[in-house]
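Before any comments, here is the structure.
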Amino acid sequence: MQVEYDPREYVDRRRDWTTNPVAYLDQYYTRYYWIAPASEDSKGVEGDLLIHQSPNCLCVLCLAPTHPLLLRYKEDPTIAKRIRIEFQDTYNSVNLSSKNKKGAPWLQVGSEYLKIMLDEEPGKEPEASDTEPLVYSFRSCIHSQMMEVNEKFVNDPDLLFRRPYSQGYLAIVKPKLDDPKKALELCITREEYEARQ
């Protein structure tokens, strides 16, 4: 049996790939966005997050294009050399290498799993208000189980800025399985996010 393929039927699928380097992800993942409220309701989550949900319900947490850290990087690319990354011990020390991820910790909405500290510019005189490093705290925006933290950008912090929606992801989590859609009810869809821009 001979199978023939017509490459023309795939042209529409690849149309956006030249203008958007992460467009290929849309065929594998559903995009959701957590829009951090500018009030007490944020439960400590700072900045918008992008969530790629795969068909098996695993979620890849990334910085959204509107996250303050990415916006700051666009203004000053040198910050990539001045960041320090700290994972919370609970999530860094758990053995997450087994196939079933037994013992993986649970994250409640607002559970902190990562901090990124931005150190002072070398040679700049610190002002009284600048003595503390600027800290970006990353907290879970969905009730989930931690599957993996991305330790790659500890050694290559620029990855967080060069590839924020793919290799520069923050963590991979598994929503509570009784109802994965309910776990994402605080998030908005890609279409809703793009309508806000």
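Quick notes
- All positions within the stretch 78-87 that are surrounded by fewer than 17 Cβ atoms within 10 Å (Cβ to Cβ) and either farther than 14 Å from ARG162 by Cα or at pLDDT 90 or above (or both): ARG82, ARG84, GLU86
- Residue count for the stretch 165-197 under the criterion of being surrounded by 15 or more Cβ atoms within 10 Å (Cβ to Cβ) and either touching a Pro at 6+ places or on another chain (Cβ under 8 Å) or of a type in the set (S, T, N, Q) (or both): the result is 3.
- Residues that are surrounded by 10 or more Cβ atoms within 10 Å (Cβ to Cβ) and modelled with pLDDT under 60, drawn from the stretch 105-131: PRO126, ASP130
- Summed over the stretch 140-156, residues that are out of contact with any helix residue (DSSP H, G or I) (no Cβ under 9 Å at 6 or more places or on another chain) and of a type in the set (Ser, Thr, Tyr) total 1.
- Residue check, LYS102 part of a loop (DSSP other than H, G, I, E, B) and at pLDDT below 90: yes
The values are calculated or read from the model by the stated rules, or taken from the named source; none is laboratory data. Only a predicted model underlies this, so the values are computations on that prediction, with no experimental measurement involved. Methodologically, a virtual Cβ is constructed for each residue, glycine included, from the backbone with ideal geometry; neighbour enumeration extends over all protein chains shown.
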